[in-house]
């Protein structure tokens, strides 16, 4: 139990740090083509931390954990594709 | 050579019906997220210019608020799932304390979002202003309603903890409400960088 308790605190701290990172990218107008990929990766990590540790799916049978994880992966990939693919490729 | 085996729970926490709702909500928002991202491709300048009217700081503060509220809800869940017959009173009391913090976070989120909408509508912006604001309003108003509903659910769970309504054998309803709240958090975690930051 003490370990699990500490894990939650670490998860919260990582989520806060990644959120500050995202905000600074926008606030300091640093967001550019390459950093969008980093931002999306950090968003995936944040989402997975919520799925595993807050929703509690890490200790549940894999299929239930996979549903939101696959959803998150698809959504992040689609956002990345919309950002990075040349415009002509979708028309 | 010893091999550690972690036993996995058969079902996710809470009532199984809430997970069907959660999966449907994720798909619905996922389609809106993809719709936003692909619409942006055809109107990049307009999306970037419109985005400047949003307050990134309020989006950032709201992200911190939701993450923290989710943390409080997990602490509340731990209080009831770890309770024993002889600690029902203390466990419910501890859970109610964490829930109260989470509800206060939910209210803070709603107030900040309301002020943002007040500013946006005050600028004369509506669903038909342009595609950016159509998606912005669809996503954020829809999400706002989820936070509102989630706060009401947490408040009802809070009331039950005040009457020591949860026992070691009966706390499924608690976990059901908590799972819904974490879904609201998960959706905002994707929404914030997509709508407020990426340009």
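Throughout, read-outs are computed from the coordinates displayed, never taken from laboratory work. All of these numbers come straight from a predicted model, not from anything done at the bench. Reconstructed Cβ throughout: ideal geometry from the backbone, glycine too, with neighbour counts over all protein chains shown.
Go through the stretch B:145-179 and report how many residues are more than 10 Å from chain A (Cβ to nearest Cβ), closer than 30 Å to residue B:33 by Cα and either under 13 Å from the mean Cα position of the chain (by Cα) or not in a helix (DSSP H, G or I) (or both). The qualifying residues number 11. Taken together, the residues in the stretch B:48-96 that are free of Cβ contacts under 8 Å to residues at least 12 places away in the same chain and either within 22 Å of the chain's Cα centre (by Cα) or not in a helix (DSSP H, G or I) (or both) amount to 6.
Comparison of B:22, B:18 shows that the only residue that is buried (at least 20 other Cβ atoms within 10 Å of the Cβ), within 9 Å of chain A (Cβ to nearest Cβ) and under 30 Å from residue B:165 (Cβ atoms) is B:22. Is one or more of the residues making up the stretch A:16-27 facing chain B (nearest Cβ under 10 Å), in contact with a strand residue (DSSP E or B) (Cβ under 7 Å, 6 or more places away or on another chain), in a helix (DSSP H, G or I) and surrounded by 13 or more Cβ atoms within 10 Å (Cβ to Cβ)? Checked the stretch A:16-27: no residue is facing chain B (nearest Cβ under 10 Å), in contact with a strand residue (DSSP E or B) (Cβ under 7 Å, 6 or more places away or on another chain), in a helix (DSSP H, G or I) and surrounded by 13 or more Cβ atoms within 10 Å (Cβ to Cβ). Annotation: of all residues in the stretch A:28-56 being at the interface with chain B (Cβ under 8 Å from one of its Cβ atoms) and within 19 Å of residue B:180 (Cα to Cα), the one that is farthest from the chain's Cα centre (by Cα) is A:56. Scoring residue B:142 on the criteria (1) surrounded by fewer than 23 Cβ atoms within 10 Å (Cβ to Cβ); (2) within 13 Å of chain A (Cβ to nearest Cβ) leaves a single failure, condition (2).
Among the residues of the stretch A:57-73, the ones that are part of a helix (DSSP H, G or I) and at the interface with another protein chain (Cβ under 7 Å from one of its Cβ atoms) come to 6 in all.
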